[in-house]
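Remarks on the structure that follows.
The values are calculated or read from the model by the stated rules, or taken from the named source; none is laboratory data. On a predicted model such as this, the values are computed, not experimentally measured, just so you know. All Cβ positions, glycine included, derive from the backbone under ideal geometry; neighbour counts span all protein chains shown. With ligands, DNA and RNA removed, areas are computed over all heavy atoms of the protein, side chains included. Shrake-Rupley method; radii C 1.70, N 1.55, O 1.52, S 1.80 Å.
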Amino acid sequence: MSLHCLIYTSVATQKMTDDYLKSILEKSRPKNIALSVTGMLLYLDPFFVQVLEGEKLSLIHISEPTRRS
């Protein structure tokens with residue numbers, strides 16, 4: 001297994017509540033586990049920084065929706 005790292009930033013389009021941020025975590029966790037991806041999401045209103053680690057194809061798969069937006 002070759003470990004790769006993907007780091008990206010984005011800007012929230014709306015105010016993020018704690019409940020909304022928790023829902024992101026709850027949706028992401030099963031997908032990340034299934035793809036053997038680890039990482040972290042940092043939110044500092046209104047900015048996000050995300051760091052993901054895993055196999056290259058897994059990172060491409062998991063980041064595809066973000067890259068399209």
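Tabulated results
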read-out: Lone unmet requirement of (1) open to solvent by 90 Å² or more (accessible area, probe 1.4 Å); (2) in contact (Cβ under 8 Å) with a residue 24 or more places away in the chain; (3) more than 12 Å from the chain's Cα centre (by Cα) for Asp45; value: (1)
read-out: Enumeration of residues in the stretch 6-37 that are in contact with a strand residue (DSSP E or B) (Cβ under 8 Å, 6 or more places away or on another chain) and open to solvent by 80 Å² or more (accessible area, probe 1.4 Å); value: Ile7, Thr9, Val11, Leu25
read-out: Failed item in (1) over 13 Å from the mean Cα position of the chain (by Cα); (2) modelled with pLDDT of 95 or more, with Gln14 passing the rest; value: (2)
